[in-house]
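Enquirer: Got a structure here, written out as structure tokens. Questions coming.
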Amino acid sequence: MHEPAGAPHPNDVASDPERQRRLRDAAHRKRRRVDPRIVAANMLVLAEKLGSLDDSAMEAELDRARFPEKDRRFVIQLVRGALRHQARLDAAWTRYSHRPVYAVHPLVRAAMRIGSFQLLHLSRVPAYAAVDASVRLVKSKLGSGVGGFVNGVLRKVAEKGFTATLPERVDGPLAYCVQTLSFPAWLVERWRQRYGDECCMNLCETLNERAAPTLRVNVTKSPPAAVIAELAAENIAAAPGRYSPVALTTARLGPVLGSAAHASGLVTIQGEASQLVGLLARQGRGDSVLEMCAGVGGKSFHALERAHGELRLTTADMSPGRLTRMLGEAARLGLPLPARVAMDMREIPPSWARRFNCVLLDAPCSTFGAIRKHPDVKWRPEERLADVRRDQQSLVAAALEAVKPGGEVVYSVCSCESEEVEEILDFAVSGRAGSRRCRAVDLRERLPESCHAALLPRPSLLQTWPGALELDGMSAFVLEVTA
């Protein structure tokens, strides 16, 4: 029996949308065979090798794995959790090991930490799954003998739980913060000398907690009160922030990222301390603004929102990939796309000299103020502080050169270390940053009165911790170019 002309053949995939969908889903499941735990362990090995693991490196690893959003979040939770509690996890598994922590292969350390973190901190993860993934990874790379060692140790952790005895506060900041809270000894000693014993321990405890998600409202689309109502309609509770007039706080990030409010550009994920930096810029509509070290443009888009899109904005960063991500973000927020230039900003091109009304410089730094979000940075070597300080000096000098007389440089870092803040401010105002002359601006008129505690003892310097505003550690100052 012949089929009518033009009728689809039963085996013709192109004519069957439902079959196409099933085949796509099957191919997607096949690509997802990689266990997120294995990717997380490999990231820990990379973090140990590099000294840290920044967002771009983590995103690149996740992109290669082609994980859906749920698995991406799980990997990030595992990696950051293992880094946040590293010393405690090592104390847990080495109780059942005849080998010290650094006598085993880096992959074994990573597998033990990922497995122990799940067993001790994630009650919803079955013990067999936590153990099995670590064992499979080690067996595939180092052989069945080493895999058996990992299996035996993690099964003991699963059976016995945490049995190690760790120091308490009464044992002093060095023992407590290093062994119990997982901070490097040099950093604890540094903070102890600067802030005192009690403040140092309080700070380390705070930095070991997960930061509550904070949103920035896009006021070009809707006021904060209306956005709170929009989120509530999607069963997401949000409340006004404590300091920034456009900040909202919420309990969980996942629902926000999947919401219509986020997709339509009503909100952006940004910490409240970073939002305060955005309030420091004195900018008029139509001003020419440069953001140096722009990343994905968080402060640029905040500036555009404040000016309702009416800025002549240029963004510069060494990473073309980060600048490319601005395309989607500008479309989501409904804002004009800034001019984007991929370049090293430690020296500006001659055509940019005295060109901009305002330069935003979120300088590369130690990132110690953001340890709650990025626990890997606390394991960076002490020597790195000297390297970032040299870069910060070069960047401040370049920023001053790019500003018109009467214009301003807004300098910020996710750190409160004196080398990155007070010393950079003194470097600029003393005239050592080049031929341009500048003065530090009093910030009391630019910030809400509720933030003024963070301007002590210098009203020209914003520092959000320790203890000032209970936000992530952020420092900022504004330089007005006078000649």
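Rule-based calculations on the coordinates, nothing more; no lab input. If you're wondering where the values come from, they're calculated on a predicted model, not measured in any experiment. FYI the Cβ positions are ideal-geometry reconstructions off the backbone, even for glycines, and counts take in every protein chain you see.
Enquirer: Given the alpha-carbon gyration tensor of the range 321-377, what are the semi-axes of its equivalent ellipsoid in whole angstrom, ordered largest first, with each equal to the square root of 5 times an eigenvalue?
Expert: Working: eigenvalues 123, 82, 25 Å².
For the range 321-377, the semi-axes come out at 25, 20, 11 Å.
Enquirer: Fewest to most neighbouring Cβ within 10 Å: what's the order for Trp191, Trp352?
Expert: By the 10 Å Cβ count, ascending, the order reads Trp352, Trp191.
Enquirer: Which one of Ala129, Thr180, Ala363 has its Cα pushed farthest toward the positive end of the charge dipole of the chain, where Lys and Arg give +1 and Asp and Glu give -1 at the Cβ?
Expert: Farthest along the dipole direction, towards plus: Ala129.
Enquirer: Now, a different point. To one decimal place, what Kirkwood hydrodynamic radius in Å is obtained for the range 337-459 from all pairs of distinct Cα atoms? Please list the in-between numbers first.
Expert: Values: mean 1/r = 0.0630 Å⁻¹.
It works out to 15.9 Å.
Enquirer: Let me ask another. Starting with the fewest neighbours, write out Thr324, Thr165, Thr206 ranked by other beta-carbon atoms found within 10 Å of each beta-carbon.
Expert: Starting with the residue having the fewest Cβ neighbours, the order is Thr165, Thr324, Thr206.
Enquirer: Let me ask you something else. At 0.36 nm per residue, and after removing the present C-alpha to C-alpha distance, how many nm does the segment from Val341 to Ile269 gain when stretched out fully?
Expert: On the way: separation 72, 0.36 × 72 = 25.92 nm, distance 2.40 nm.
Result for the pair: 23.5 nm of gain on full extension.
Enquirer: Cα atoms only: what Rg and Dmax, in Å, come out for the range 272-481?
Expert: For the range 272-481, the Cα radius of gyration and maximum Cα-Cα distance read 16.0, 43 Å.
Enquirer: May I ask you to list the aspartates and glutamates whose Cα is less than 18 Å away from that of Lys404, ignoring any residue fewer than eight positions away on the same chain?
Expert: Asp287, Glu291, Glu347, Glu480
Enquirer: If you don't mind, another one. How high is the relative contact order of the range 214-269, in percent, counting Cα pairs under 8 Å that sit 6 or more residues apart?
Expert: So the answer I get is 47 percent.
Enquirer: What spacing in nm lies between the two simple spin-label points modelled at Arg446 and Ala175, each 7 Å away from Cα in the Cβ direction?
Expert: Roughly 4.7 nm, to one decimal.
Enquirer: If the label point is 7 Å along Cα→Cβ of Arg332, which residues in the range 197-216 have backbone nitrogen under 12 Å from it?
Expert: 216
Enquirer: Hey, if you drop one equal point scatterer on each alpha-carbon of the chain and run the Debye formula without solvent, what base-10 log of I(q)/I(0) do you get at q = 0.07, 0.14 Å⁻¹?
Expert: Values, matching the q order: -0.44, -1.42.
Enquirer: Please list, short to long, the whole-number percent of alpha-carbon pairs of the range 214-269 in consecutive 10 angstrom bins beginning at zero.
Expert: That works out to 28, 64, 7, in percent per bin.
Enquirer: Same structure again: What's log10 of I(q)/I(0) for the range 31-160 at q = 0.11, 0.13, 0.17 Å⁻¹, Debye sum over Cα points only, no solvent?
Expert: So the normalised log intensities work out to -0.33, -0.47, -0.82.
Enquirer: DSSP H helices in the chain with Cα extent of 20 Å or more along the helix axis and mean Kyte-Doolittle hydropathy at least -1.0?
Expert: Correct list, ordered by number: 36-50, 69-84, 106-121, 127-142, 144-160, 384-402.
Enquirer: At a 10 Å Cβ-Cβ cut-off, how would you order Thr315, Thr94, fewest neighbours first?
Expert: With the sparsest Cβ surroundings first, the list reads Thr94, Thr315.
Enquirer: With only Lys, Arg, Asp and Glu charged, each at its Cβ (+1 for the first two, -1 for the last two), find how big the charge dipole of the chain is about the Cα centre; round to the nearest 20 debye.
Expert: For the chain, the charge dipole is close to 1320 debye.
Enquirer: With unit charges on the beta carbon (Lys/Arg positive, Asp/Glu negative), name the residue among Ala111, Ser244, Leu231 whose Cα is farthest towards the positive pole of the charge dipole of the chain.
Expert: Result: Ala111.
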